[in-house]
Every structure is written in structure tokens, then in C-alpha cells.
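Below is one structure; the comments refer to it alone.
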Amino acid sequence: MNDVVARLANGVSEIPKDQWDACAGSANPFVSWDFLTALERSGSVGPGTGWQPLPILIDGADGRLAAAAPAYAKTHSQGEYVFDHGWADAWQRAGGDYYPKIQIAAPFSPVPGPRLLLRDSSLGPALIAGIETVVGQNELSSAHATFVEESQLPVFEAAGWLIREDSQFHWINQGYKDFGDFLADLSSAKRKNIRKERERAVQGLEIVHLTGAMLTEAHWDIFWHFYQDTGARKWGQPYLTRPFFSLLGETMGNRILLMLAMREGKPIAGALNLIGADTLYGRYWGCVEDVPNLHFELCYYQAIDVAITRGLNRVEAGAQGSHKLARGYTPEPTWSAHHIPNPSFRRAVADFLKAERSGVQQDRSWLREHAPFRKDGSHRAD
């Protein structure tokens, strides 16, 4: 590993698409060249955003990219969904500069996936060493890899990174034939409640699914309006620019599923999903008319329908939301990894994470006990 040299680029767009995607693979759309360069080209990341692209790269003996980390120099902690504001405050009260820091992530996407993109699987430790070198040479406070897929945790742990655990609500496909088959696994009361929610949500509405060439600029204009409304309420200012959605449709149309609720031919709500190799990823939602239960229908139940029809293993509907539990989404562990060079700061964070992990695991256990599935393990519909 000593003769391996890591280098930096000013953006994923500087790297040939075929070389980046050979490292990223095709399973997770959020680390693809198309997704990450759409963020760059649209101005959603880059100058003035606090997300400065800084991919860390290792070339192979053949001169082609062999390993990459989607890295960003961050001057704040927005858009990450793994909250370290308390750490930043403590470090700065002690007289240090927490920002800039290095973030290894798919920006604005609380989606588990690979954070070490490896055409050569042996280069994981070298890529982590490259990240640590960037931190050390620039005297930065820390580096953070968020929403790391479980299979990559041992590489980070072996390098001494601190592991943080959290939970997210996912729907798991147990080989269901259709939505009714899924309902058969729920308790009678939950089953009846979901049926009523679905019936009420779509009264007087038509739900349409759009993907690939079906998507037009008119659809993105409509969805941008929805997204702005939701973003303004949740974050104060939407993270993504309007051109991002056009670029996404242009380069990733076949991996997009846009669901619209129509009243008399006019869209009143929409949910945007990305399609992975085995997962449907629910990402953004918005509406211009408040319809009871329509959010549940578009974001959760329609997503389950699609996953069953396409034979996908799961639906990941984004961060937070204990209300997903009653809709058949169960708490699953998520992880992040943190490199903190300062010994005393590292010890304080390690103590915090140990206490936090116990609470997270207890909470997840309690939630699973209160999941809506039948306790007797039988499979029966009313």
C-alpha cells in the first residue's frame, strides 16, 4: 500500500464517466457519474453552496481509475442527515475550526450505499489513507463518511474510524405477489386502516407513473414547484436547483419514477423515486393541495406496489418518520464512519457514540416489537 498514490480532482465531471462508473457499479444510482455530475453541473454543489466537490482518486496500473471516494469540502453541516452540530459547537468552543471538514457522501441523499468506490477491491485501505492524508496535510478537524453500506464498515473500523449507528425505516419485500399479499402479513386492525387510507387518499384522483422518455420539461416544472414548497418548509431553502431535475431526467430518465396525483387532469402532488438494482429509493415529495393520506399513498403505498411489481427487495423512503412503522416500514440500522485526528476530541466523540448507540439500539428494538405485522407469524387476509 506504500506505493499507492491518491490524487484529488475538482469534481466528478473531470473524470471519464466509464472509469467512474466502473468503480461505482450500477446498483446504487446516488454514487453514479450521472447523479453526481448533475449536482455539479446544476450548481447544487460547488461555489457558494458549502459543498465543494473534491473526489479522492487512485489510479490502477493500467492508468485507469481503480478507486474513488465522492468527497466534498464542507463549510457547514446542512444536507447530511447525520447531525454533528454538537460536535462542531464543542470543537469551536475549544478554540478550533471545525469547518472546513471532509464529507464522503452522496449529497442531500440519506441513502445507504458504497462510499469507497472500488474497481480494485484491495484498495479500500489505501483510499481511506488518502482521505486521512488530505485531512492531515490541510490541518482539518475531521472526515466523515455518511450512510456507509454495511459491507464496507470493517474497512473503516480497521483504519480506526469511529462508527456511528442510527436507524431508518425501510420496507422489506418478503416475496409478496401483490399489495394484498403484503397486507396479509399485517394485523387485522392495521390492514383495515391501510385499506381505508388508500381509498380516501385517491378519491377523485388519478395516479400516474412516469419514467424514461415519458418525462418532459413540463413535468419537471411541475415537480420543481412541489419541491420548492416542501424544501422551504423543511430546510428554509431548497438544496437542489431547477436545472438539476432537467439533467437528472436527461441522463437518468430510465432510473427515475415520478408519481403524480392528478385532479381533473391537473397535478396536485408528486413523489420522485430513483430505481436501483434491488431497491426503490423514495426521495422528494410535494403538493399544492392538502389531501388527507395522499402523502402516505404516493410515498409509501404506491412505492410498495412498484417494488412488488418490479421484484425489488426493498423500499427506502428517506430519513426519519416513525409514522412509517404503521405502514409496514421497519427500522433498519444505518451507519456512518468518522475520522477525528485530535486524541482528546476523538475520546469525547467515542464516549458520546457509545452512549448514543445503546439508545439507538433500544429504540429500534422497541419499534420492531410494535411493528404492525402479525405476531403469530401466520399469513392470512380478512
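Which one of ILE102, ALA90, ASN173 has its Cα pushed farthest toward the positive end of the charge dipole of the range 86-196, where Lys and Arg give +1 and Asp and Glu give -1 at the Cβ? Going by the charge dipole, the pick is ASN173. The charge dipole of the range 265-334, taken about the Cα centre with unit charges on the Cβ atoms of Lys, Arg (+1) and Asp, Glu (-1), comes to about 60 debye, rounded to the nearest 20. Here is the P(r) of the range 91-244: all C-alpha pair distances, binned every 5 Å from 0, give 1, 6, 10, 11, 12, 13, 14, 12, 9, 6, 4, 1, 0 in whole percents.
If you roll a 1.4 angstrom probe over the protein chains with everything in place, what fraction of the accessible area of the chain belongs to carbon and sulfur, to the nearest %? Carbon and sulfur: 50 percent of the exposed surface of the chain. Report the local net charge at PRO53: Lys and Arg +1, Asp and Glu -1, summed over other residues whose C-beta lies under 10 Å from its C-beta. That sum, taken over residues with Cβ under 10 Å, equals -2. For the range 1-50, a/c is not less than 1.5, where a ≥ b ≥ c are the root eigenvalues of the C-alpha gyration tensor, and a/b does not top b/c. That puts it in the oblate class. With an a/c value of 1.5 or above and a/b larger than b/c for the gyration tensor axes a ≥ b ≥ c computed over the alpha-carbon atoms, the range 327-374 is described as prolate.
For the chain, give the magnitude of the charge dipole about the Cα centre (Cβ charges: +1 Lys/Arg, -1 Asp/Glu; no others), in debye to the nearest 20. Roughly 920 debye for the chain.
Of the residues TRP220, TRP366, the one with the largest accessible area comes first in the ranking TRP366, TRP220, computed with a 1.4 Å probe on protein heavy atoms.
Only alpha carbons enter this Debye calculation for the range 44-111, each as an equal point scatterer, and the log10 of I(q)/I(0) it gives at q = 0.11, 0.24, 0.26, 0.27 Å⁻¹ is -0.34, -1.04, -1.13, -1.17. Counting Lys and Arg as +1 and Asp and Glu as -1 over every other residue whose Cβ lies under 12 Å from the Cβ of LEU247, the net charge comes to -2. Normalised per residue, the accessible area of the range 96-174 is 34 Å², obtained with a 1.4 Å probe and no contribution from ligands, DNA or RNA. Scanning residues 5 or more positions from ILE56 or on other chains, those with amide H under 5 Å from its amide H are ALA69, ALA71, with H placed 1.01 Å from N in the peptide plane. Think of the range 195-316 as a dipole: +1 on every Lys or Arg Cβ, -1 on every Asp or Glu Cβ, centred on the Cα centre; then among MET262, TRP224, GLN237, GLN237 lies furthest on the positive end.
Past 25 Å, Cα to Cα: identify those pairs from LYS324/LYS375; LYS192/LYS375; LYS17/LYS324; LYS17/LYS101; LYS196/LYS375; LYS196/LYS324, in the order given.
LYS17/LYS324; LYS17/LYS101
Its DSSP H runs of at least 4 residues, each contributing -39,500 (n - 2.57), put the calculated 222 nm mean residue ellipticity of the chain at -10500 deg cm²/dmol, to the nearest 500.
Tell me the per residue accessible area of the range 233-382 using a 1.4 Å probe; a whole number in Å² is fine.
Result: 46 Å² of accessible area for each residue.
Taking the Kirkwood radius as Rh and the Cα radius of gyration as Rg, the range 117-174 has a ratio of Rg/Rh equal to 1.05.
Taking the average, over residues, of other Cβ atoms within 10 Å as the packing measure, peptides 13-21, 353-361, 204-212 rank 13-21, 204-212, 353-361 from highest down.
For the peptides 140-153, 65-78, the ranking by mean Cβ contacts within 10 Å, running from highest to lowest, is 65-78, 140-153. Taking every C-alpha pair closer than 8 Å and separated by at least 6 residues, the mean separation divided by the residue count of the range 43-143 gives a relative contact order of 28 percent. Rounded if a/c is under 1.5, else prolate if a/b is larger than b/c, else oblate: which is the range 224-382, with a ≥ b ≥ c the root eigenvalues of its Cα gyration tensor? The shape class here is oblate.
For the chain, relative contact order (Cα pairs under 8 Å, six or more residues apart, normalised by length) works out to 21 percent.
The values are calculated or read from the model by the stated rules, or taken from the named source; none is laboratory data. Note that the structure is a prediction, hence the values are computed from the model and not measured. We place every Cβ from the backbone using ideal geometry, glycine too, and count neighbours over all the protein chains shown. SASA here: full protein model, heavy atoms, side chains in, ligands and nucleic acids out. Shrake-Rupley method; radii C 1.70, N 1.55, O 1.52, S 1.80 Å.
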